[in-house]
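Accompanying notes for the structure given below.
Readers should treat all values here as calculations from the given coordinates under stated rules, not as data from a laboratory. What you see is a predicted model, and the numbers here were worked out from it, not measured in a lab. In this analysis, Cβ positions are derived from the backbone assuming ideal geometry, glycine residues included, and neighbour counts consider all displayed protein chains.
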Amino acid sequence: MQKIRTTVKIAGREYTIAGYDPSEHVERVAQQVDRRMAELGAATGLPPAQLAVLTAVNAVDDMFKSRDEIRRLRRENEALKSALEAASHEA
């Protein structure tokens, strides 16, 4: 499989990103990063390097929270399946 090269603009600078994801996906990711950097930049006035780090920290924090929520929902789903199986055996 050949890598796809996609050029995107983040914080006014162009970046070429190579990977296996479709260009549309890479563009969506870049747009979200650009939007978050713009929002944080307006709120904090940080220089670009610090802004990039803060954006990355916030993105990883969101990712960890999402993973924790997925784990919680999976546990809840398993508990509900077990309860349903137990109830169907009793019936």
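Descriptive notes on the structure:
- Boolean, Ala86 is exposed (fewer than 12 other Cβ atoms within 10 Å of the Cβ) and either in contact with a Cys (Cβ under 7 Å, 6 or more places away or on another chain) or of a type in the set (Gly, Ala, Ser) (or both): yes
- Candidates Ala18, Ala52, Ala79, filtered to the one that is over 20 Å from the mean Cα position of the chain (by Cα) and of a type in the set (A, V, I, L, M, F, W, C): Ala79
- Scan of the stretch 1-48 for residues that are part of a loop (DSSP other than H, G, I, E, B) and not hydrophobic (A, V, I, L, M, F, W, C), ordered by number: Gln2, Lys3, Gly12, Tyr20, Asp21, Pro22, Gly45, Pro47
- Odd one out for Leu51, checked against (1) loosely packed, with under 12 Cβ neighbours inside 10 Å; (2) aliphatic (A, V, I, L, M); (3) part of a helix (DSSP H, G or I): (1)
- Residues that are out of contact with any helix residue (DSSP H, G or I) (no Cβ under 9 Å at 6 or more places or on another chain), surrounded by fewer than 11 Cβ atoms within 10 Å (Cβ to Cβ) and of a type outside the set (S, T, N, Q) do not occur anywhere in the stretch 34-41.
- Unique residue being under 21 Å from the mean Cα position of the chain (by Cα) and either surrounded by 11 or more Cβ atoms within 10 Å (Cβ to Cβ) or of a type in the set (Ser, Thr, Tyr) (or both) when the list is Thr7, Thr44: Thr7
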